[in-house]
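The values are calculated or read from the model by the stated rules, or taken from the named source; none is laboratory data. Given the structure is predicted, the values throughout are model-derived calculations rather than measurements. All Cβ positions, even for glycine, are placed from backbone atoms using ideal geometry, and neighbour counts span all protein chains on display. For accessibility, only protein heavy atoms count, side chains too; no ligands or nucleic acids. Shrake-Rupley method; radii C 1.70, N 1.55, O 1.52, S 1.80 Å.
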Amino acid sequence: MNIDLTDTTSSQINAALVKARRASGSPAVGMVLTLVIVTDEGNHYDALKAANEASKEHPSRILVVIKRPGRSPRDRKMARLDAEVRVGGETGTGETVLLRLHGELANHAHSVVLPLLLPDAPVVVWWPEDAPDHPSEDLLGRLAARRITDAQATEDPVATLGLRAATYTPGDTDLAWTRITPWRSVLAAALDQKHSAIRSAVVEGEAYNPSSELLALWLAERLGVPVERQVSDGPGLTAVRLETEDGTICLDRADGSLAELAMPGQPDRHVALHRRETAELIAEELRRLDPDETYASAVKFGVASLRRSADAPDKESAETALTADDAGPAGDTRQPSDGAAAAGEPQDGPADAERDGSAPKGSSAKRSAGRKPAGRKAGAA
């Protein structure tokens, strides 16, 4: 059922939601969270489609905030709220409200969204494209327990990662990190098996791919060994190689779908590592609403080096060392977490086993990248 409301208010939208639920035969509210999507007219369709797919696993009230401040002075002075309420059909068991904020009202989206939040339910805010520099300080971000951004959608993903590290607040996450969950799971499982000490690592992926950067940072931070960032033709992440005393542990995905895992003394095996759709990524993020400490450690490790790389994009070859000194002030230490991986999230026990005297805390990870094409966006992991 669809209800169109022109020049409306939040109270009228709430009344329309109750009317739509009763008309569909389900007056009770069965949603588990509120998902707020902040986007524009050009991108709201794809974002809403992904959110509707994710709501099949996490029934939710989806509020799509579309800001239309206007171009002329007259349009910018007006303030009007148009809404479209959708219950049933493509929305499944959830509810969807499209909010179009015209004129001055576009600067006060939080005042429109606040009365529409589900009571006593967590709030998640997702920026599919352009996100604020400091998500937790944004007025909508302050309403949320989780804030989801996507560095891949920006013009300079590496610089965006540096910004995310500098402004990180518990509850922040990025879809560039979510894309490498299967990679981290396979690598953690491989390191659960008996192997010799790891001496160095190489991460291959497309240039200026934020997922490749985060995977390299995660390995450098957890293993404490030199990690080299190499550029490949893609798609996305293509390979990870861990050099050990007995040989190379290699996870190679050349076609973006099926990967091959090779370990010394063992037969090669194939692993499914397909490139996931946005709906799968959002569904994964909605499974956990607590702060992701592993993401925080990875994105903060070597952030100064990431920024230096982003400041010199015109170099044919930029090679930067990511050291433990870049991760934070002196005395900053990290303790590995215990327990096995849960819901595709690898834990740190297997990797921490490689820390010994031959791999000091101040070891480095190197990153090399080619010239960045103007306006190019990085591919998915």
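Numerical summary
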read-out	value
Odd one out for residue 61, checked against (1) in a loop (DSSP other than H, G, I, E, B); (2) of a type in the set (D, E, K, R); (3) open to solvent by less than 30 Å² (accessible area, probe 1.4 Å)	(1)
Strands (runs of 3 or more DSSP E) enclosed by region 113-231 - at least 1 residues per element that are open to solvent by 30 Å² or more (accessible area, probe 1.4 Å) and either aromatic (Phe, Trp, Tyr) or more than 30 Å from residue 11 (Cβ to Cβ) (or both)	198-205, 227-231
Leading residue by the ranking (most open to solvent (accessible area, probe 1.4 Å)) among those in region 85-96 that are outside any loop (DSSP other than H, G, I, E, B) and over 23 Å from residue 175 (Cβ atoms)	89
Test: residue 254 is out of contact with any helix residue (DSSP H, G or I) (no Cβ under 8 Å at 6 or more places or on another chain), modelled with pLDDT of 90 or more and either farther than 28 Å from residue 53 by Cα or in a loop (DSSP other than H, G, I, E, B) (or both)	no
Counted residues, region 52-101 - those being touching a His at 6+ places or on another chain (Cβ under 9 Å), without any contact (Cβ under 8 Å) to a residue 40 or more places away in the chain and of a type outside the set (Val, Ile, Thr)	7
Leading residue by the ranking (nearest to residue 180 (Cα to Cα)) among those in region 253-306 that are in contact (Cβ under 8 Å) with a residue 24 or more places away in the chain and hydroxyl-bearing (Ser, Thr, Tyr)	295
Residue within region 205-218 that is modelled with pLDDT under 90 and aromatic (Phe, Trp, Tyr) present	yes
Inter-residue pairs, beta-carbon under 7 Å, first β-branched (Val, Ile, Thr) and in region 194-212, second modelled with pLDDT under 90 and surrounded by 23 or more Cβ atoms within 10 Å (Cβ to Cβ), 6+ apart	198/223; 198/225; 203/227; 203/229
